[in-house]
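Scroll down for the structure; my scribbles are underneath it.
Quick note: the coordinates plus some simple rules give every number you see, no bench work behind them. These numbers come from a predicted model, not from an experiment. Cβ placement follows ideal geometry from the backbone for every residue including glycine, while neighbour counts extend to all protein chains displayed.
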């Protein structure tokens, strides 16, 4: 089975043999476009070219695939002009914050708590109701020309099979799906200004959408008619790819962004609307995952690398230098804090206008302190999400940690000590692609759903250091106080700006 992951700046693929072992892998990149402040877009045609490239590479392996299944980042949206799928614009990504201006109007028009308890999605510029209002208010000419509003995976599935479909997992991340009926929510559609026939039909993540078309088969070397499984969101399939299979289990992922996801057997909604609730799978019985995503994970360290380590030319060498420097600094970075809101923030604050801030600088501090503060800042943001899910309680199952963070033991230990929980760091190349492939194998009857967890090898276990844990407990309290102060300062500046204008 081939599992393909459509990510923010690249797509990747793995080919699993019948025993679930990786026998081939491939990746290909594409640019993230930022034409205006707050915008973040992908060109679907460039993504299609990358998908064909990775499929062509894994097709050269000796193991003949029985199908393809897809994972995709959440929240992408763009209009197409016709049933053939001609794009009218590039795809908005999860980072795109241009719809922030629609926030107050949407809250004024909606019972936001009732909307959240039906869709699992708080009011935020990430979600489709706010984004679609932006389109119809700011660019009505193109919005009115839209035959369909689709996500990136919807479009890729159509390009490969000629069939339009949105899987329920991705649909649950749009803010338009009713989690109780697993159908489009009429009130959410009304608030967004569209009708259900302007969206692709809903299908199960395990549904075979269609067979590979002749053009893609010729371009990739794969057989025409090869079954294409719908797949799901990157969060859902990254969880599946780590061996998570039942309620109560938790996965933390840190890549460009970061997320904490807890599996539950029925929809769960936070009284303070700090967390999301999305569908994991609808077969053999429905499972959901609740949690929160932060915007600034590896993105934070990459900022440090670009701004403070330009003398190190190679990216890998620069990250190694950052980790060595951070390791020389004591926990707490000698009073230096980084609030790493370079791209605003999602959970649990839902504050797209938040900005990053260093605090506590003195003449004795240097870039090594900034490096340590960056790793600790990301850990503190994940601790904010963790607390919104668990409070003072703790997960009863071993927490699985995945993503780029697992390559850096120092960073894993900082997160372990900050959260105060043991974790197993899974050394997996690409949990999203792995999860997609495992879902595809299950969908085609090649593996039973209860065998999915056994297909994933456990990783090394990290346990909290009691002394460092105590330091970070206080450190996180101070982080939260600084964040509240930053939010108040931002609100004051906005009010001053409004009064001036």
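Can you compute the FRET efficiency between residue 145 and residue 45 using 1/(1 + (r/R0)^6), with r the Cβ-Cβ distance and R0 = 22 Å? Round to the nearest 0.05.
On the way: r = 18 Å, r/R0 = 0.83.
E between residue 145 and residue 45, to the nearest 0.05, is 0.75.
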Taking the alpha-carbon centre of each part, the distance from the range 152-186 to the range 41-84 in Å is 16
With a 10 Å radius around each residue's Cβ, average the other Cβ atoms per peptide and rank 290-299, 354-363, highest first. 290-299, 354-363
If contacts are Cα pairs under 8 angstrom and at least 6 residues apart, what is the relative contact order of the range 1-55 in percent? 32
When you count, for each residue, the other Cβ atoms within 10 Å and take the mean per peptide, how do 465-471, 414-420 rank with the highest first? 414-420, 465-471
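With a Förster radius of 45 Å, plug the Cβ-Cβ distance of residue 266 and residue 311 into 1/(1 + (r/R0)^6) and report the FRET value to the nearest 0.05. Present the calculation step by step, with values, prior to reporting the outcome.
Values: r = 53 Å, r/R0 = 1.18.
Efficiency at R0 = 45 Å is approximately 0.25.
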1/(1 + (r/R0)^6) with r = Cβ-Cβ of residue 334 and residue 444, R0 = 41 Å, i.e. FRET efficiency to nearest 0.05, evaluates to 0.15
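For the chain, what is the Kirkwood estimate of the hydrodynamic radius, computed as the reciprocal of the mean inverse distance between distinct Cα atoms, to one decimal in Å? Provide the component values of the computation, followed by the final result.
Values: mean 1/r = 0.0434 Å⁻¹.
About 23.1 Å, per the Kirkwood formula over Cα pairs.
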Highest first, please rank the peptides 45-52, 273-280, 128-135 by the mean number of other Cβ atoms sitting within 10 Å of their residues. 128-135, 273-280, 45-52
Packing-based exposure ordering (other Cβ within 10 Å, fewest first) of 124, 180: 180, 124
Label point at residue 114 placed 7 Å out along Cα→Cβ; residues across the range 185-218 whose backbone nitrogen lies under 18 Å: 185-193
With label points set 7 Å from each Cα along the Cα-to-Cβ direction at residue 397 and residue 61, the distance between them in nm comes to 2.6
